[in-house]
Amino acid sequence: MLVDADRFHGLYRSTSQAPTTDTSSIGKAVSLGCMRAESDQARWLIVEHVSLRNFRSYGELELALVPGVVLVTGPNGVGKTNLLEAIHVGSQGFSPRTRAETRLVRFGERIARVRLRGRDGSGFETDVEVEPGQGKRVRLNGAQLPAAEELRLRLSVLAFTPDRLAVVKGGPIVRRAYFDRMLGRLFPSRAELALEYGRALAQRNRALRRVRAGESSRAALEPWTSQVAALGTQLDEARAELVGLLAPAFGAQAVALGLERPSLRYEPRGLTVEELDRRLEHDVERAATGAGPHLRDVEIAAAGRELRSYGSQGEQRTAVLALVLAEAGVLGERRAGPPLLLLDDVFSELDEGRRARLLALLPPRGQTVLTATEPEAYPPGAAAPALVVAVTPGAAEAT
Ligand SMILES: Nc1ncnc2c1ncn2[C@@H]1O[C@H](COP(=O)(O)OP(=O)(O)O)[C@@H](O)[C@H]1O
Ligand SMILES: [Mg+2]
């Protein structure tokens, strides 16, 4: 476990940065991580140019970016988040903050368009057009993609937005959705599992309602029960595997960000037909399936206490950031390429020490676009950003 943690940790360190954690065994692992990072150098996803037309507050924008940390600054409401959102839409095919895509189109316009140019090993160009009522048109290297989702299988991007805090602070449903989406990113072959389980569950619940209403027999439930048990067990095991894979990296990143004894846990319990049969009367009465992964939770804790109930805002934010960084590390190891990071308003509620530690954890060879209202929020001790982009209403310019 420890070796793994150090390896993930090491993946993000350049030799010039001293580890901030007090881990005596880290030296060897760090250089191992660096060697790997060296050979991965060409694969980091780097966006080199952003071109926008009628996207949110931007009528027309041409902006060149560079690898490393890109700091996007400007007062509240000028369009910083819009720019990050545009990069997400251009690279993943959807917005991280809304499903209502009409909102992406600049007021009074018909079509929003995001084009990105970049590289991750080989060069790429994307072109995403959003036209309400007409859906989306997505092109990768000139070829139209049948579905916008295919973009995210090809390009690796992770976003932190302030509403992601709900992953730690919110109810179990938010965590389940977050980890199930992560499951899709890290194990593409299991991307549909949560959806399939959800469908089987809904069918079983409908069948339970019919039994309760006296419209059908208990025997009619059987096929749904065995499907729910089979898919439920698969989903449960997949989540446990995911959390097991992520936990060492999460621990290392969270410690480096200053959380005490962080832990990430998911207890797989499986789901059997016998368990569902045992509680059948109860389930019929409520017309709801009362056991299964749709009721389980991932525990995110520090110093033995669940952060959801006992963490400060700052600790909760730190934990979410550690999750994002941990996923970035695992993605870099497992998938085609390590991701571009989009961190929105990431410095709020973090003290200067934590802000500096966060910057030290960012992939030195990758690209991180982060927003801050005040350029002064950028910790003075940290290496300067590779590029500062100043945003004013409708415009963004490198300074
Ligand atoms: N579809 C749209 N068309 C034009 N302006 C928009 C659209 N959607 C949001 N905006 C404007 O974008 C601004 C908010 O930008 P945002 O990126 O969230 O600001 P911040 O810099 O604080 O992150 C608001 O002024 C809002 O009116
Ligand atoms: Mg914002």
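The values are calculated or read from the model by the stated rules, or taken from the named source; none is laboratory data. Here the structure is a predicted model, which is why all the values come from computation and not from measurement. Positions of Cβ are backbone-derived with ideal geometry, glycine not excepted, and every protein chain shown enters the neighbour counts.
Scanning segment 366-399 for residues that are in contact with a Ser or Thr (Cβ under 6 Å, 6 or more places away or on another chain) and of a type in the set (A, V, I, L, M, F, W, C) turns up 372, 388, 390. Select from segment 242-262 the residues that are in contact (Cβ under 8 Å) with a residue 40 or more places away in the chain and of a type outside the set (A, V, I, L, M, F, W, C) and write down the one among them that is farthest from residue 289 (Cα to Cα). Restricting to residues being in contact (Cβ under 8 Å) with a residue 40 or more places away in the chain and of a type outside the set (A, V, I, L, M, F, W, C), the top hit is 258.
Can we say residue 220 is over 29 Å from residue 189 (Cβ atoms), part of a helix (DSSP H, G or I) and among the small types (Gly, Ala, Ser)? Considered against the rule, which asks whether it is over 29 Å from residue 189 (Cβ atoms), part of a helix (DSSP H, G or I) and among the small types (Gly, Ala, Ser), residue 220 comes out as yes. A search for C-beta distances below 9 Å between a residue of segment 370-384 that is under 18 Å from residue 344 (Cβ atoms) and within 13 Å of ligand 2 (Cβ to nearest atom) and any residue that is aromatic (Phe, Trp, Tyr) and not in a loop (DSSP other than H, G, I, E, B), counting only pairs 6+ apart in sequence or on different chains, returns 370/160. Among the conditions (1) at pLDDT below 95; (2) under 30 Å from residue 225 (Cβ atoms), the only one that residue 197 does not satisfy is (1).
The condition of being touching a residue at least 40 places away in the same chain (Cβ under 8 Å) and away from ligand 2 (no atom under 16 Å from the Cβ) holds for only one of 365, 355, that being 365. Checking the condition among the aliphatic types (A, V, I, L, M) and at pLDDT below 90, which residue from 331, 341, 323 passes? When all the criteria are applied, what remains is 331. In the set (1) away from ligand 2 (no atom under 14 Å from the Cβ); (2) at pLDDT 95 or above; (3) of a type in the set (A, V, I, L, M), residue 72 fails one condition alone, (1).
Quick check on segment 130-180: of everything there that is assigned to a loop (DSSP other than H, G, I, E, B) and at pLDDT 95 or above, which residue is surrounded by the most Cβ atoms within 10 Å (Cβ to Cβ)? So that I can check it myself, show each step before the final result.
Quick first cut of segment 130-180, residues assigned to a loop (DSSP other than H, G, I, E, B) only: 132-134, 141-142, 145-148, 155-156, 161, 170-171.
Next, only the ones that are at pLDDT 95 or above stay: 141-142, 145, 170-171.
Values: 141: 11, 142: 7, 145: 18, 170: 16, 171: 10.
For segment 130-180, the residue satisfying everything is 145.
Hey, could you check segment 244-266 for residues that are part of a loop (DSSP other than H, G, I, E, B) and among the aliphatic types (A, V, I, L, M) and say which is surrounded by the most Cβ atoms within 10 Å (Cβ to Cβ)? Per the stated criteria, the residue is 257. Would segment 296-311 turn up any residue that is under 22 Å from residue 95 (Cα atoms), away from ligand 1 (no atom under 16 Å from the Cβ) and crowded, with 23+ Cβ neighbours inside 10 Å? Within segment 296-311, not a single residue is under 22 Å from residue 95 (Cα atoms), away from ligand 1 (no atom under 16 Å from the Cβ) and crowded, with 23+ Cβ neighbours inside 10 Å.
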